[in-house]
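For reference, the structure is listed below as structure tokens.
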Amino acid sequence: MADPSSYRPSPGQIPDSPGVYKFRDEHRRVIYVGKAKNLRQRVANYFQDLANLHPRTRSMVTTAASVEWTVVSTEVEALQLEYTWIKEFDPRFNVKYRDDKSYPYLAVTLNEEFPRVQVMRGAKKKGVRYFGPYGHAWAIRETVDLMLRVFPVRTCSAGVFKNAARTGRPCLLGYIDKCSAPCVGRVTPEEHRELAEDFCDFMAGRTGTYIRRLEKDMTQAAEEMEYERAARLRDDAGALKRAMEKSAVVLADATDADLIAVAEDELEAALQIFHVRGGRVRGQRGWVTDKVEAVDTAGLVEHALQQLYGEERGDAVPKEVLVPALPEDTEAVSQWLAERRGSQVSLRIPQRGDKKDLMATVQRNAQQALGLHKTKRASDLTTRSRALEEIAEALGLDAAPLRIECYDISHLQGDDVVASMVVFEDGLARKSEYRRFQIKGFEGQDDVRSMHEVIGRRFKRYLQEKERTGEWEQTPPVSGEAPHPAQDSQAPADETDPREDDGRPKRFAYPPQLVVVDGGQPQVAAAKRALDELGIDDIAVCGLAKRLEEVWLPDDDDPVILPRSSEGLYLLQRVRDEAHRFAITYQRAKRAKRIRTSPLDDVAGLGETRKQALIKHFGSVKKLRQATIEEICEVPGIGRRTAESVAVALASAAPAAPAVNTATGEIMEEDDGDTS
């Protein structure tokens, strides 16, 4: 625990301008980011008597080892820089809202020649129009199914679209008139784009125009005694009305607004957002966060606004944002929102009428979400704590292993040998710290040797980080003694790369309390030997063998048997299975990349066009390899010198023996290298 007075800056050093400040710990990691109208006043508040500080603030300042700041011109710039740094450094003492799931959106890909309607999750892409988010993907599909009667926009994948264009036959939706079939030329690209834009207009809330137009056309068709067409138009209008009914009118004045409500207690806060467009609720989502900093409702709202609109532009930021409490600097936040939208944004607390009633509904949803989260969290936290305690007791550890790293080796018959490292902290996967390794020290299949190499490389990097930050004190080696592995670094010990000393999480800087390897005694012994060679003796090692789920410890002839109902065994299995999944995914990707390469890639001066011409002429690399130089010269654009180079490259890349599928015994014919 650090004494804040040891790094307290003198008051004269701190400017009284607007700015953003960062607290760093002893490892130079950024642990807290804040902004202030007056840096001098705000930063000085952290260095008062510890007894007067909020417990969470006290924990932060005693964890920190330094503070620094950046001056900006305006409070709006400070707000933007604070958001950028929180996103970049992921400080542990800042409130960060995280979705409890990935919400689906209805997306229209206007950035394609033939726009497509589909369900999308994850980060938003440029040129794509989004509607939502929705609570369930099936709700999107029901809405789209109704609307395709009137707006028959393409919904198929690129592969289906290309296949239909190649064969000249549309898919099923084209035959039942739920797609205008641009793949076979039933409509022009311009007509199809107009349909997609009409679809977007309807989803954006401009519904009355299309329904009135359909009803007018229906009446006209009936008067002209075109009763079948009139019936179809009647059904189309009914479909649009049913699609509208799925999102009830909540605000009569066709308002575009986001309503944000917060439910909180001393430890956690739940946030609910209703997205209202055209007076209808078009989307809903919820976030839950731990209150890791001393923050009130206004502060929670400000953090929510930053994370909700920090990456948005244009219409994604509504004209009106309704909140339960205004941020401390309402004017700066409103100006920041207006800059992102490109026009004025009203940020206020609803006082009366429909908006206040709807805000009460959003608040009830937030309260229910917090209650449900606490029920789940209590169960999950209890289970995870029990699992870690069981592991500590079974392995004889002094404390529960809060950080566990697991390693697995993957290969295919000795080729493409790779390894994975997965990290679990407090019983939960921390995917941002997963790592992949290629085995470089030798060729062929040797899981034990591979495990020794991977553990050695990972913890050698850890020692180098400790040396770089000064945590490892170098001592000159005794005469005849090998230098410590941490000294085997490319850069001198006193040389620091300023790009690395920026507070971002380092790749291998944090040690685990427990290393788990996928395997039995040999793999565990190899991992332990690698740690011993590096002089590391404070990290426990164990292995989990798949056959009987036995836990092996170094130097023990008998395994540790955990009960089948043990939460500790379940956690070790999850960690091991995740490492196996991550390793085999990497190995398959590496193998697929290798298979996609062609011997023709090594021929100097042979471009993609002439490669395609060769493959098209001969049908495959195998048949091209069997061709003579004169036959290769018959391909248009291939001269004798190029033909000779092709023949030499294929001869040197010829396989020594046919590949065999070990599962079936089948001899696999070579037909690789197809660059089409």
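Remarks
- Consider segment 418-437 and keep the residues that are without any contact (Cβ under 8 Å) to a residue 40 or more places away in the chain and assigned to a strand (DSSP E or B). The one that is least open to solvent (accessible area, probe 1.4 Å) is PHE437.
- Annotation: of all residues in segment 307-347 being free of Cβ contacts under 8 Å to residues at least 40 places away in the same chain and of a type in the set (Val, Ile, Thr), the one that is most open to solvent (accessible area, probe 1.4 Å) is THR330.
- Of the helices (runs of 4 or more DSSP H) lying entirely inside segment 126-236, those containing at least 1 residues that are within 34 Å of the chain's Cα centre (by Cα) span 137-147, 158-167, 172-175, 189-203.
- Members of segment 255-277 that are among the aliphatic types (A, V, I, L, M) and open to solvent by less than 10 Å² (accessible area, probe 1.4 Å): ALA257, LEU259, ILE260, ALA261, ALA263, ALA269, ALA270, LEU271, ILE273, VAL276
- When GLY441 is tested against the conditions (1) open to solvent by 20 Å² or more (accessible area, probe 1.4 Å); (2) of a type outside the set (D, E, K, R); (3) not in a loop (DSSP other than H, G, I, E, B), the lone failure is (3).
- Options ALA579, ALA583, ALA509, ALA486: the member that is modelled with pLDDT under 85 and assigned to a helix (DSSP H, G or I): ALA486
- Selection status of GLY286, out of contact with any strand residue (DSSP E or B) (no Cβ under 9 Å at 6 or more places or on another chain), more than 30 Å from VAL150 (Cα to Cα), open to solvent by less than 10 Å² (accessible area, probe 1.4 Å) and at pLDDT 80 or above: no
A quick yes/no check of all residues on (1) closer than 20 Å to ASP446 by Cβ; (2) open to solvent by 30 Å² or more (accessible area, probe 1.4 Å); (3) among the basic types (Lys, Arg); (4) modelled with pLDDT under 90:
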{"residue": "GLN521", "(1), (2), (3), (4)": "yes, yes, no, yes"}
{"residue": "LYS528", "(1), (2), (3), (4)": "yes, yes, yes, no"}
{"residue": "ILE536", "(1), (2), (3), (4)": "no, no, no, yes"}
{"residue": "GLY543", "(1), (2), (3), (4)": "yes, no, no, no"}
{"residue": "TRP552", "(1), (2), (3), (4)": "yes, yes, no, yes"}
{"residue": "ASP555", "(1), (2), (3), (4)": "no, yes, no, yes"}
{"residue": "LEU562", "(1), (2), (3), (4)": "no, no, no, yes"}
{"residue": "TYR570", "(1), (2), (3), (4)": "no, yes, no, yes"}
{"residue": "GLN573", "(1), (2), (3), (4)": "no, yes, no, yes"}
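- Long-range neighbours under 8 Å by Cβ, at least six apart or interchain, first residue β-branched (Val, Ile, Thr) within segment 39-61, second surrounded by 12 or more Cβ atoms within 10 Å (Cβ to Cβ) and part of a helix (DSSP H, G or I): VAL61/PRO4; VAL61/LEU50
- Flag for ALA613 being surrounded by 14 or more Cβ atoms within 10 Å (Cβ to Cβ) and either modelled with pLDDT of 80 or more or farther than 30 Å from ASP408 by Cα (or both): yes
- Of the listed requirements (1) touching a Gly at 6+ places or on another chain (Cβ under 9 Å); (2) open to solvent by less than 20 Å² (accessible area, probe 1.4 Å), ALA304 misses just one: (1).
- Comparison of GLU390, GLU405 shows that the only residue that is open to solvent by less than 60 Å² (accessible area, probe 1.4 Å), of a type in the set (D, E, K, R) and either in contact with a Cys (Cβ under 7 Å, 6 or more places away or on another chain) or not in a helix (DSSP H, G or I) (or both) is GLU405.
- Scanning segment 179-201 for residues that are closer than 23 Å to ARG129 by Cβ and open to solvent by 40 Å² or more (accessible area, probe 1.4 Å) turns up THR188, PRO189, GLU190, GLU191, ARG193, GLU194, GLU197, ASP201.
- Taking the listed residues SER385, SER432, SER410, the one that is in contact with a Phe, Trp or Tyr (Cβ under 9 Å, 6 or more places away or on another chain) and hydroxyl-bearing (Ser, Thr, Tyr) is SER410, with no other qualifying.
- Qualifying residue in segment 292-303 (condition: outside any loop (DSSP other than H, G, I, E, B) and within 30 Å of PHE202 (Cα to Cα)): no
- Sole exception among (1) within 21 Å of ASP315 (Cβ to Cβ); (2) charged (D, E, K, R); (3) surrounded by 15 or more Cβ atoms within 10 Å (Cβ to Cβ) for LYS126, by number: (3)
- Only a single item in (1) of a type in the set (Gly, Ala, Ser); (2) within 14 Å of ASN94 (Cα to Cα); (3) touching a residue at least 60 places away in the same chain (Cβ under 8 Å) is not met by ALA2, and it is number (2).
The values are calculated or read from the model by the stated rules, or taken from the named source; none is laboratory data. Here the structure is a predicted model, which means the values were calculated and not measured. Cβ sites come from the backbone with ideal geometry, for glycine too, and all protein chains shown count toward neighbours. Heads up: the accessible areas ignore ligands, DNA and RNA and are worked out on the full protein's heavy atoms, side chains in. Shrake-Rupley method; radii C 1.70, N 1.55, O 1.52, S 1.80 Å.
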